[in-house]
Amino acid sequence: MGLLRNLIEQLEKLDSKPSSASTAKNRLQILVSQSRRDASAPDYMPRLRSELLEVIKKYVQVNDEAVKVNFEKDKDGIQEVLDIQIALPDKN
Amino acid sequence: MTEIIVVTSGKGGVGKTTSSASLACGLAKAGKKTVVIDFDVGLRNLDLIMGCERRVVYDFVNVVHGEASLKQALIKDKRFDNLFVLAASQTRDKDALTKEGVEKVLNDLAAEGFDFILCDSPAGIEKGAFLAMYYADRAVVVVNPEVSSVRDSDRILGLLASKTKKAEDGERIIEHLLLTRYNPARVEKGEMLSIADVEEILGLKVVGVVPESPEVLQSSNSGNPVILDEASDAGQAYTDAVARILGEERPMRFTTVEKKSFFSKMFGG
């Protein structure tokens with residue numbers, strides 16, 4: 001009887017959607033990697049971002065989320081890159 | 001040499017004070033002269049968990065402000081000769097503690113020959129939590145297998161690596177995770193983050209895993225830290241954690257579901 005129940009449990013596992021624990025893990029991994037990147041970024045990042053936004057707004061109508069500034073280090077931690085993305089509004 | 005250990009977590013209610021009390025008793029039992037300090041000014045609770053609430057006359061803030069001597073404020077534990085408690089103030093607010101004041105008390109305790117000073121941090125990341133971690137040599141980050149606790153632990157690990165004296169001096173605090181309220185049966189069902197999940201997310205190994213168990217509440221009800229309940233799983237898990245902090249290698253226990261044998265199923269073992 002125990003054997004049969006085990007078999008049913010195993011089959012149920014194969015069939016089921018991802019467990020809530022694995023969902024939790026995925027969500028946390030994204031959050032933690034983001035916060036660790038933010039923590040290593042220079043202090044001037046938020047100010048830089050808002051000033052860039054001001055300048056761009058003089059020329060193009062963009063919303064507040066249009067400017068993304070990311071600070072990245074390469075694998076060896078030597079080369080530092082400031083990755084700036086500006087999303088322009090749709091033409092139509 | 002005195003070692004300062006902060007017990008911290010960011011999130012409240014994960015078991016900081018419970019763990020501080022048990023680790024302090026465990027270190028004392030292992031023969032180390034130990035003092036445990038409640039940094040939660042305004043919300044004193046360590047005295048209750050340690051079972052010495054009726055013997056608090058002077059507190060940590062009184063010592064910092066020179067209103068009482070260290071000797072007057074240290075409460076000697078009734079179970080261990082080499083264990084002392086320094087209670088938090090119940091009436092003052094968190095600004096009653098200063099960096100210089102805390103440093104002086106820690107130096108005076110070191111001069112008294114303490115082997116370990118445990119700092120029981122308040123929840124949050126405000127002044128009390130900051131002061132509890134600032135002078136630490138080692139940190140025990142108490143974490144539950146639950147999303148908000150894990151995220152807050154990551155935040156605390158970031159602060160330990162940047163806002164402490166060791167970090168400012170270009171050194172590193174020794175960091176440990178202490179996983180509490182662990183329920184192997186729920187992990188097996190995929191309902192709870194596993195030890196490996198938490199270790200992987202935070203990039204740090206656990207120094208102990210304390211299973212969720214009814215004895216923890218029973219112990220705090222009676223003011224006897226759960227580590228003194230040698231028959232309980234939680235108590236034994238804390239004993240193992242203390243041994244690991246002292247450098248011993250021990251395998252993890254109570255981390256898998258006990259498969260009941262035919263015999264115990266039949267007779268309710």
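The values are calculated or read from the model by the stated rules, or taken from the named source; none is laboratory data. Keep in mind that this is a model prediction, so the values were computed, not measured. Positions of Cβ are generated from backbone atoms using ideal geometry, with glycine treated the same way; all protein chains shown enter the neighbour counts.
If you check B:G124, B:G113 for being modelled with pLDDT of 95 or more and on the phi > 0 side of the Ramachandran plot, only one passes: B:G113. The selection criterion, being surrounded by fewer than 20 Cβ atoms within 10 Å (Cβ to Cβ), within 14 Å of chain A (Cβ to nearest Cβ), out of contact with any helix residue (DSSP H, G or I) (no Cβ under 7 Å at 6 or more places or on another chain) and at negative phi, does not hold for B:S149. Considering the stretch B:54-120, the qualifying helices (runs of 4 or more DSSP H), each wholly inside and each with 3 or more residues that are buried (at least 17 other Cβ atoms within 10 Å of the Cβ), run over B:60-64, B:99-111. Only residues that are within 12 Å of another protein chain (Cβ to nearest Cβ), more than 17 Å from A:K25 (Cβ to Cβ) and touching a residue at least 12 places away in the same chain (Cβ under 8 Å) were counted across the stretch B:161-193, and they come to 2. Within the stretch B:6-21, being within 16 Å of B:R138 (Cβ to Cβ) and assigned to a helix (DSSP H, G or I) holds for B:K16, B:S19, B:S20. Scanning the stretch A:20-58 for residues that are of a type in the set (G, A, S) and within 9 Å of chain B (Cβ to nearest Cβ) yields A:S20, A:A21, A:S22, A:A24, A:S35, A:A39.
Please verify whether B:E248 is of a type in the set (D, E, K, R), modelled with pLDDT of 95 or more and part of a helix (DSSP H, G or I), treating the condition exactly as stated. No: the conditions fail for B:E248. Tell me whether the stretch B:127-143 contains one or more residues that are within 14 Å of chain A (Cβ to nearest Cβ) and at pLDDT 95 or above. Yes, there is a match, as at least one residue in the stretch B:127-143 is within 14 Å of chain A (Cβ to nearest Cβ) and at pLDDT 95 or above. Residues in the stretch A:34-78 that are more than 27 Å from A:D90 (Cβ to Cβ) and hydroxyl-bearing (S, T, Y): A:S35, A:S40, A:Y44. Looking across the stretch B:200-235, just one residue is part of a helix (DSSP H, G or I), within 11 Å of chain A (Cβ to nearest Cβ) and surrounded by fewer than 16 Cβ atoms within 10 Å (Cβ to Cβ), and that is B:E200.
The set of residues in the stretch A:20-79 being exposed (fewer than 15 other Cβ atoms within 10 Å of the Cβ) and part of a strand (DSSP E or B) consists of A:K68, A:N70, A:E72, A:K73.
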